[in-house]
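Trainee: Input: one structure, supplied below.
Just so it is clear, none of the values below were taken in a lab; they were calculated from the coordinates. Since the model is a prediction, treat every value here as computed from it, not as a measurement. We place every Cβ from the backbone using ideal geometry, glycine too, and count neighbours over all the protein chains shown.
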Amino acid sequence: MIAEQLVVNRPQSGIENFYQRFTGPLPIENHRIRLHIFVDRSSVEVFANGGVLGMTCQVFPETNSTGVTLFADGGEARLVSLQAYTIGSIWSR
């Protein structure tokens, strides 16, 4: 059975004394999902399948933290394509 859920789990995101796991229904279209993920200094935003589902969570990583992990739980996933962009800060330097 395919759960068809998107989960954002933040157990190693610094301050963890509030919600650690966000879950929402995500119907799979033609055996694929499309994710747009935005990561900045204090938040992670995930938009799935053109905005059918969106999630935002705060993170408080250590200054040397540079990782994000994607995985399929109880199934298989294959990364078809990935594009990464650096965006400029809105804060003056």
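Trainee: What three numbers, in Å, describe the spread of the alpha carbons of the chain along their principal axes, ordered from the longest?
Mentor: That works out to 47, 30, 21 Å along the principal axes.
Trainee: About the Cα centre of the stretch 1-87, how large is the charge dipole given +1 on each Lys and Arg Cβ and -1 on each Asp and Glu Cβ? Please answer in debye to the nearest 20. Spell out each step's value before the answer.
Mentor: Values: 6 positive and 8 negative charges, 22 e Å.
Rounded to the nearest 20 debye, it is 100 debye.
Trainee: Hey, another quick one. How do the peptides 29-39, 80-90, 63-73, 45-55 rank, highest first, by the average count of neighbouring beta carbon atoms within 10 Å per residue?
Mentor: Packing proxy ranking, top to bottom: 45-55, 29-39, 63-73, 80-90.
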